[in-house]
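The values are calculated or read from the model by the stated rules, or taken from the named source; none is laboratory data. None of the values given here were measured: they were computed from a predicted structure. Note that we place each Cβ from the backbone using ideal geometry, even for glycine, and neighbour counts take in every protein chain shown. Ligands, DNA and RNA are excluded from the accessible area calculation, which covers all protein heavy atoms including side chains. Shrake-Rupley method; radii C 1.70, N 1.55, O 1.52, S 1.80 Å.
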Amino acid sequence: MSKNTTIQKENFSSWYTDIVTKAGLADYGPVKGTMVIMPYGFELWDLVKNVLDKMIKETGHVNAYFPIFIPKSYLAKEAEHIDGFAKECAVVTHTRLKSDHNGDINVDPSSRLEEEVIVRPTSETIIWSMYKKWIQSYRDLPLLINQWANVVRWEMRTRLFLRTSEFLWQEGHTAHATAEEAEEETLKILDLYKCLAEDYLAMPVLTGLKTEAEKFAGAKKTYCIEAMMGDKKALQAGTSHNLGQNFAKAFGVTFQNDKNEEELVFATSWGVSTRLVGAIIMTHGDENGLRLPPKIAPIQVVVVPIFKDEDQKKAIKSFIMNQIQDLKNENIRIYEDWSDRRPGSKFNHWELKGVPIRIEIGQRDILNEELVLYRRDKNEKSNIKIDDFVNIVKKTLRDIQTNLFLEAKNFQVKNTHNVKNFDEFKTVIENEGGFIKCGWDGTSETESRIKELTKATIRVIPFEQDIDQLKCIYSNKKAKYEVIFAKAY
RNA sequence: CGGGGUGUGGCGCAGUCCGGUUAGCGCACCUGCUUUGGGAGCAGGGGGUCGGAGGUUCGAAUCCUCUCACCCCGACCA
């Protein structure tokens, strides 16, 4: 247990904030709702980013960069889109400051912009305004572009990584000649996201469709990956949208097909954000702090030498030197902590930071030709022979990766409930939390009524559907879908 | 925007009701010595004008007025 850190079981959200700041992932910025991503947190994001960037490129996409400033009028071109984002836009109205006689700095009224500019909350509009220029013929399609960028959504209530006024993400925007192709793209990306979440972040996700109420503003369909956090609440961890021809219509993006006919382009967009860092923390963290999956841990192995004087320090160095080099040659991210703090303090420090493996070496171990290996996922120590060091470390890193996933998966399964009726639904949501899998009649009335009564929302309509005998949990009518309800972040 | 709360060294707090020595404590920080296999001990040391403005008073962190900021709960959301 880290000193002065909130107990996870007692207050999950306060535990979360404690861990984020104490582990050196992020800090609050001076403007409400902003955050500074600190070096350790940024390295973590960078590793996630690199994995996904590679996947995106391997599937034929290329990166580009579009401006952060968008003409206000662009946002209004797609009706649903503006409805969804109008309430949270930062707007640039002036371009100059000036200081008065008292030395106060004020906006210079004479610098008012004729056409105000908004700071992008997402880039569909500016990108489609450009696509109009770039797309003429079916030979220009598909157009598969991704960008890594910051976006701004002026949120009322913010939390580090999970919801901040400005955040980092990737947003893909593709243009296709046919509806089928766009749908295929949307699902392909969803699959990448699932792979990223499960194989790298060790975070099991449910995949499927969002309801009309939950889908992206301006999309025809929104698919998502949805995960369960340590407090059993749901977190939307990534979305992939089939935009149909909505944006092509709004921006007049047409192409000539091979029969010389003019057609509207089909679009997709998709994104994951720094929210994933929050997801990692809340999926795996325990009372001692973070537990990072090895594949994306900034430090995979930390070496803590235990010495009384300079001679012992030297002895440890020469004892372990070659092995450390071997691990570095294998591209394992290793850090040696030679600072003069006491060992116990270092143990706690690196546990808080979630480093998957810690190696302890003292005189005792040198004599026995051994090392102590501690694995963060199970909080267990074992003695290993120095000769086996490299192999065991590599194997243990793989084990930890697998084990973290399985632990999270078991947790998700164990906390996914079936309920017989709406009374039981309410009881479970209120007392136990977690996911509820049940029938829904498909009406937005039922959906919003359940939300009012329980605060639970439909997180996802899973791909696998079994509705033969299924009744709607609320209306008791024949179910149209089997869905997952939960309280969400 | 509605309800609740908090502003005192870097962080966490006490002191405020009932005004009165030099504003105190824990953590962190610095120096030295002893320590080092689960958050070390001792000694010494640096750092705050009490969110801001105005007022009452011989005297204000404390009382009064105004103001600002932030946090929590609700409506909105990746």
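Starting from the Kirkwood Rh over alpha-carbon pairs, what translational D in µm² s⁻¹ does chain A have by Stokes-Einstein at 37 °C and 0.692 mPa s?
Here the translational diffusion coefficient equals 130 µm²/s.
What residues qualify as long-range amide H neighbours of A:Thr457, i.e. H under 5 Å apart, gap of 5 or more or another chain, H built at 1.01 Å from N?
A:Ala486, A:Lys487, A:Ala488
Calculate what fraction, in whole %, of the accessible area of chain A sits on carbon and sulfur atoms when a 1.4 Å probe is rolled over the protein chains.
49 percent
Based on the alpha-carbon gyration tensor of segment A:90-247 and its eigenvalue square roots a ≥ b ≥ c, which shape applies: rounded if a/c is under 1.5, prolate if not and a/b is larger than b/c, or oblate?
Because a/c hits 1.5 or more and a/b fails to exceed b/c, segment A:90-247 counts as oblate.
Which of the aspartates and glutamates could be linked to A:Lys385 by a straight reach, that is with a Cα gap under 16 Å, when you skip same-chain ones fewer than 8 residues away?
Of all the aspartates and glutamates, those that pass the test against A:Lys385 - Cα under 16 Å, at least 8 places apart if same chain - are A:Asp326, A:Glu360, A:Asp365, A:Glu369, A:Glu370.
Excluding A:Lys426 itself, calculate the net charge of residues whose Cβ lies under 15 Å from the Cβ of A:Lys426, where each Lys or Arg counts +1 and each Asp or Glu counts -1.
Surrounding charge for A:Lys426 is 0.
Which three numbers, in whole Å and largest first, are the semi-axes of the equivalent ellipsoid of segment A:354-409 derived from its Cα gyration tensor as √(5λ)?
24, 11, 7
At what distance in nm do the modelled label points of A:Glu155 and A:Ala64 sit from each other, each positioned 7 Å from its Cα along Cα→Cβ?
Label-label distance for A:Glu155 and A:Ala64, simple model: 2.9 nm.
Hey, what do the phi angles of segment A:461-475 turn into as Karplus ³J(HN,Hα) couplings, whole Hz, using 6.51/-1.76/1.60 and θ = phi - 60°, x for Gly and Pro?
9, x, 5, 7, 10, 9, 10, 3, 9, 7, 10, 5, 5, 9, 8
If you line up the Cα atoms of segment A:294-404 on their principal axes, what length do they span on each, largest first, in Å?
In descending order, the Cα extents are 39, 28, 22 Å.
Give me the number: length gained by fully extending A:Thr93 to A:Asp108, i.e. 0.36 nm times residue separation minus the C-alpha to C-alpha distance, one decimal in nm.
Contour length minus Cα-Cα distance gives 4.3 nm.
Can you list residues from other chains, or at least 5 along the same chain, whose modelled amide H is less than 5 Å from the amide H of A:Lys477?
A:Cys472
Name the shape class, rounded, prolate or oblate, that the alpha-carbon gyration tensor gives for segment A:123-205, where a ≥ b ≥ c are the square roots of its eigenvalues, rounded holds for a/c under 1.5, and otherwise prolate holds if a/b is larger than b/c and oblate otherwise.
Oblate, because a/c is 1.5 or more while a/b does not exceed b/c.
Taking R0 as 30 Å, what FRET efficiency do you get between A:Arg139 and A:Phe463 from their Cβ-Cβ distance, rounded to the nearest 0.05?
FRET efficiency, A:Arg139 to A:Phe463: 0.35.
Cα-Cα over 26 Å: which of A:Lys221/A:Lys487; A:Lys328/A:Lys353; A:Lys32/A:Lys98; A:Lys414/A:Lys471; A:Lys57/A:Lys437; A:Lys87/A:Lys133?
A:Lys57/A:Lys437; A:Lys87/A:Lys133
Just flag the trypsin sites (Lys or Arg not before Pro) in segment A:211-274 sitting in loop per DSSP whose Cβ has no more than 16 other Cβ atoms within 10 Å.
A:Lys259
Which whole-Hz couplings ³J(HN,Hα) result when phi for each residue of segment A:373-388 is put into the Karplus expression 6.51 cos²θ - 1.76 cosθ + 1.60, θ = phi - 60°, listed in order with x for Gly and Pro?
Values, residue by residue: 10, 10, 10, 5, 5, 9, 6, 10, 10, 8, 8, 10, 6, 4, 5, 8 Hz.
Looking at the calculated P(r) for segment A:416-486, what percent of the C-alpha pair distances fall above 19 Å?
I get 20 percent for the Cα pairs in segment A:416-486 exceeding 19 Å.
Could you list the trypsin sites (Lys or Arg not before Pro) in segment A:323-378 that lie in coil according to DSSP, counting only those with at most 14 other Cβ atoms within 10 Å of their Cβ?
For trypsin sites (Lys or Arg not before Pro) across segment A:323-378 that sit outside H, G, I, E and B with at most 14 neighbouring Cβ atoms in 10 Å, the list reads A:Arg341, A:Lys378.
Which net charge results when you count Lys and Arg as +1 and Asp and Glu as -1 among the other residues whose beta-carbon is under 10 Å from that of A:Val272?
+1
Taking the simple approach of a point 7 Å from Cα along Cα-to-Cβ for both A:Ala76 and A:Lys308, what is their distance in nm?
With each label point 7 Å from Cα toward Cβ, the separation is 7.9 nm.
Going by amide H atoms built from the backbone, whose H comes under 5 Å of the H on A:Arg159, apart from near neighbours?
A:Thr164
Could you list the GluC sites (Glu not before Pro) in segment A:414-489 that lie in coil according to DSSP, counting only those with at most 13 other Cβ atoms within 10 Å of their Cβ?
Filter output for segment A:414-489: A:Glu464.
Which ³J(HN,Hα) values in Hz, rounded to whole numbers, follow from the phi angles of segment A:112-120 under the Karplus curve 6.51 cos²θ - 1.76 cosθ + 1.60, where θ = phi - 60° and Gly and Pro get x?
Here the 3J(HN,Hα) series is 4, 6, 5, 10, 5, 10, 9, 7, 3 Hz.
Can you give the accessible area per residue of segment A:114-167, in Å², using a 1.4 Å probe?
With the other protein chains kept in place, segment A:114-167 gives 46 Å² per residue.
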